[in-house]
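Below: the structure, in structure tokens.
Just so you know, all these numbers are worked out from the coordinates, no wet-lab data involved. None of these values were measured; they are calculated from a predicted model. Note that each Cβ is placed from the backbone with ideal geometry, even for glycine, and that neighbours are counted across all protein chains shown.
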Amino acid sequence: MLIRAFLLAVTGAAFLIADFTPSWNQPVQPFKIISNLYYVGTNYLASFLITTPAGNILINPDYQESVPVIKSSVEKLGFRFTGTKIILISHAHDDHAAGCALAKK
């Protein structure tokens with residue numbers, strides 16, 4: 001029983017120490033999905049830009065480390081990142097919402 005508890009503790013520690021997201025913020029070529037909807041995310045984390053005459057809507061700014069990649073993608077498409085007027089998140093997980101404050105700046 002003691003060995004089992006030790007192995008469980010070591011395995012749990014390995015999961016806490018391991019970085020599962022090293023490539024999540026790799027840039028990919030942004031692209032138009034349809035009409036005024038664009039993919040501006042990374043290779044693993046989806047972010048979308050909806051363009052409107054009143055200002056743009058960014059969906060899921062992802063991690064703080066993702067924001068510079070998203071900004072670059074928006075600008076590659078010919079839009080201004082500062083033209084973003086609304087930031088939406090699909091749900092309250094770090095991989096979708098942690099970059100909100102940085103994206104707002």
**Where only alpha carbons of the range 43-105 are counted, the Rg and the Dmax (Å)** = 10.5, 30
**Complete:** For residue 63, the residues 5 or more places away or on another chain with a placed amide H closer than 5 Å to its own amide H are 99
**Request:** Search the structure for amide H atoms under 5 Å from the amide H of residue 84, placed 1.01 Å from N in the peptide plane, and list their residues when 5 or more places away or on another chain.
**Result:** 56
**Request:** Consider a paramagnetic label point 7 Å from the Cα of residue 89 along Cα→Cβ; state which residues of the range 50-69 have an amide N under 16 Å from it.
**Result:** 58-67
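Using +1 on the beta carbon of Lys and Arg, -1 on that of Asp and Glu, and nothing else charged, what's the dipole of the range 22-104 about the Cα centre, debye to 20? Mind dumping the intermediate values first?
Details: 6 positive and 5 negative charges, 74 e Å.
Dipole magnitude for the range 22-104 comes out near 360 debye.
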